[in-house]
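Read through the structure below, which is laid out as structure tokens, and then see the notes.
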Amino acid sequence: MAGFDDVTLEWGGQGYRIPAREVLRVVCLVEDALILHPDENAIDVLLRKRPPARIARAFEVALRAAGAPVAEGEVHLEMMRALAEGSPDAFRATMEAVMALLALMAPPLHSRLLGSGPEDSGKKSLAG
């Protein structure tokens, strides 16, 4: 992989782009939102722990960096609304946020989890 690609995050039916030159800066912001303890690793938090509030906060950080007008807590409240309604979208929304963050932070791991390889490189469109 030569470098990052532009990343597009989706929220509220609209796409928000993070230019490739900004991706690493946003990755650092997302890591700060995910990690509470020095012995934690952001990828482990996403893959193993999956705490909904931290995932929602990290996704909000990424959305704001991409220019989305997302209020503090908006993503978390949307996830909790779906959960309270018993909607099957509750689990899906959390997993989509996890996958979107993985695509931003670790494109090769994201591709592997999706079953695609480097030959499928291109711009990432992330649902949220």
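Overview of results
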{"item": "Difference of contour (0.36 nm per residue) and Cα-Cα distance, ARG25 to LYS49", "result": "6.3 nm"}
{"item": "Packing-based exposure ordering (other Cβ within 10 Å, fewest first) of MET95, MET105", "result": "MET95, MET105"}
{"item": "The chain: most fluctuating residue of ALA62, ALA42, ALA84 per GNM, C-alpha cutoff 10 Å", "result": "ALA84"}
{"item": "Per-q log10 I(q)/I(0), the chain, q = 0.09, 0.13, 0.18 Å⁻¹ (Debye; single scatterer per alpha-carbon; no solvent)", "result": "-0.23, -0.49, -0.96"}
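Since every read-out is calculated from the coordinates, none of them should be taken as a lab result. Please read these numbers as outputs of a predicted model, since none were measured by experiment. No Cβ is skipped: glycine too gets one built from the backbone with ideal geometry, and neighbour counts run over all protein chains shown.
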